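One structure is given below, encoded as structure tokens.
None of the figures in this text is laboratory data; all of them are computed from the coordinates on show. Since we're looking at a predicted model, the values are computed, not measured. Cβ placement follows ideal geometry from the backbone for every residue including glycine, while neighbour counts extend to all protein chains displayed.
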Amino acid sequence: MFAKKRFFYQQKTLDSVADSSDMEKLKTVNEFYNGVKYSSDIKVYKKKDYWATPYEFLGKDKGDCEDYVIAKYFALKYLGVDTKKLFFTYVRSTKFKAPHMVLTYFKTPKSEPLVLDNYNRRIFPASKRKDLIPIYNFNGDSLYKASKSGTGKKLKQNKSHKKWDELQINIKKRKI
């Protein structure tokens with residue numbers, strides 16, 4: 001019953017900002033999904049690294065950093081935010097001394113990205129996130145070396161991340 005309510009609330013939340021600005025959509029989506037509890041893939045899926053579909057993430061009401069990013073990405077896509085502005089960004093957390101993933105939003109290709117994160121729940125420009133060292137960005141189309149000020153240099157490897165490809169298959173299967 002809890003999961004059913006969570007899915008209903010998700011739809012109600014998304015509908016409430018359908019006609020809003022990108023910034024309002026970012027804030028609402030970030031806040032909604034940050035309400036899900038953090039838990040490692042080992043504890044939830046008995047796997048070292050698993051990328052959950054948004055349905056799995058909400059249904060289990062827990063997940064790790066990639067799961068937050070995936071859910072936020074697909075919610076923002078559903079709301080009409082241009083996916084060319086949204087990037088999965090691998091970073092190194094200096095606070096936790098570990099790899100981490102955040103969703104970044106670029107208003108324009110040259111603008112400083114905004115960081116949507118489950119560690120720090122407020123949205124900040126990348127330059128204000130001194131605790132994160134960018135490594136690389138990707139979306140469904142491209143892989144980039146990350147920089148604090150933008151998407152950075154496009155890498156020669158044009159193939160999508162393997163986990164992204166697996167995620168797309170699981171979404172098509174409506175895996176939950």
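Key figures
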quantity: Amide H contacts of Thr94 (H built 1.01 Å from N, under 5 Å, at least 5 apart or other chain); calculated: Leu132, Ile133
quantity: Chymotrypsin sites (Phe, Trp or Tyr not before Pro) restricted to DSSP loop in the stretch 1-99 with at most 14 other C-beta within 10 Å; calculated: Phe96
quantity: HN-Hα J in Hz across the stretch 2-7 - Karplus 6.51, -1.76, 1.60, θ = phi - 60°, x for Gly and Pro; calculated: 4, 4, 4, 5, 4, 5
quantity: Additional length obtainable on full extension of the chain from Phe8 to Phe96, 0.36 nm per residue less Cα span; calculated: 28.3 nm
quantity: Cα-projected label distance for Thr83 with Lys27, points at 7 Å along beta-carbon direction, nm; calculated: 2.7 nm
quantity: Student exercise, the chain dipole from Lys, Arg, Asp, Glu Cβ charges, in Debye to nearest 20; calculated: 480 debye
quantity: The chain: most fluctuating residue of Lys37, Lys84, Lys110 per GNM, C-alpha cutoff 10 Å; calculated: Lys110
quantity: Residue pairs, from the table Lys43/Lys84; Lys62/Lys130; Lys5/Lys163; Lys12/Lys37; Lys5/Lys48, whose Cα atoms sit over 25 Å apart; calculated: Lys43/Lys84; Lys62/Lys130; Lys5/Lys163; Lys5/Lys48
quantity: DSSP-defined beta bridges in the chain - what % are antiparallel, rounded to 5; calculated: 90 percent
quantity: Pairwise label distance in nanometres, Lys48 with Phe124, each label 7 Å out on the Cα-Cβ vector; calculated: 3.1 nm
quantity: Built amide H within the under 5 Å cut-off of Phe124, gap 5+; calculated: Val115
quantity: Tensor-based shape of the stretch 1-141 (alpha-carbon gyration tensor, a/c under 1.5 rounded, otherwise prolate or oblate); calculated: oblate
quantity: 3J(HN,Hα) from dihedral phi, the stretch 164-174, Karplus parametrisation 6.51/-1.76/1.60, rounded to Hz, x for glycine, proline; calculated: 4, 4, 4, 4, 4, 5, 5, 5, 4, 7, 6
quantity: Using θ = phi - 60° and Karplus 6.51 cos²θ - 1.76 cosθ + 1.60, couplings along the stretch 29-45 (whole Hz; Gly, Pro as x); calculated: 5, 4, 5, 4, 6, 5, x, 7, 6, 7, 7, 6, 4, 4, 5, 8, 10
